[in-house]
Amino acid sequence: MMDTTLSLLGIAGAMTVGAMSPGPSFVMVARTAVASRSDGLAAALGMGAGGLVFAIAALAGLQAAFLAVPGLYLAIKGFGGAYLIYLGFRIWRGARQPLAMTQDADAPSTRRRGRGRRTFLLGLATQVSNPKTAVVYASIFAAFLPREVPLVLALAVPAVIFCIETGWYAIVALALSSAAPRSAYLRYKVWIDRAAGGVMGLLGLRLVWSAVRES
C-alpha cells in the first residue's frame with residue numbers, strides 16, 4: 001500500500017509541474033476565458049479529458065507502440081503540428097476582430113450549452129494534438145509505476161490526472177476571466193493575439209519540422 005501511495009504521489013507531483021508549464025493549452029484556455037468564464041471552464045474540462053485520454057493510453061502501453069511502430073509517432077507529430085499551425089493562423093487572423101464578450105448569466109441556456117460543448121471539444125483537441133505530451137506521460141509512468149500495476153493504482157492514476165489538468169486550467173480560466181485581466185487583454189488585444197498566434201504557429205512548425213527531419 002505504501003508503494004502504491006508513493007507511486008501515485010510521484011506521478012501527481014510530476015504531472016502538476018507539467019500542467020503548469022506554459023504551452024498551447026495555456027494559450028487556448030487563457031484566450032477563451034477572457035471572452036467567457038463558462039467557456040474557459042469548458043475548455044479546462046476539455047484539457048482534463050485530454051489528460052485522461054493520455055493517461056489511459058500510457059497505461060495501455062503507448063510508449064511501447066511508438067517504439068514498435070516509429071512511423072506512428074512521426075505521423076501523430078506531423079498531424080499535431082499542422083493542427084497547432086492552423087490554430088495559430090486563426091488567432092493571428094482574428095487579432096483585429098472585436099472580441100464577442102458574453103454575459104454568461106444572460107445567455108440562453110441552450111446557447112450556453114452549445115457553445116460550451118464546442119469549447120470543450122476544442123480544448124480536448126488542443127490537448128491531444130501534441131504528441132510530446134503522450135511521450136511525457138509514458139515516461140513519467142515508466143519512472144513511477146511498478147512493473148505490475150495494481151488495479152487500485154490503474155484506476156486512481158487517470159482520475160488524479162484528470163483532476164490535476166482540469167483543476168489547473170480552471171484556476172487559469174477563473175483568474176483571467178476577472179475584470180482586471182480582461183480589461184488589460186481588451187486594451188492590447190491585437191498584440192496579445194498576434195503574439196499568441198505566433199507562438200502557437202511556431203510550436204506547430206517545430207513539431208512538423210521535427211517529424212520531417214526524423215522521417
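The values are calculated or read from the model by the stated rules, or taken from the named source; none is laboratory data. The structure presented is a predicted model; accordingly, all values stated were derived computationally and were not measured. Glycine gets a Cβ as well: all are built from the backbone with ideal geometry, and neighbour counts include every protein chain shown. Keep in mind that these areas ignore ligands, DNA and RNA; they rest on the heavy atoms of the full protein, side chains included. Shrake-Rupley method; radii C 1.70, N 1.55, O 1.52, S 1.80 Å.
Observations, loosely collected:
- Residue-span extension gain [Ala154 to Leu121] - 0.36 nm each, minus C-alpha spacing: 9.3 nm
- Extension reserve of the Ser178-Thr4 stretch, reckoned as 0.36 nm per residue once the Cα distance is removed: 58.7 nm
- Accessible surface, 1.4 Å probe, highest first, among residues Met200, Met20: Met20, Met200
- Packing, as the average of other Cβ atoms within 10 Å across residues, places the peptides 168-175, 39-46, 9-16, 89-96 in the order 39-46, 168-175, 9-16, 89-96, highest first.
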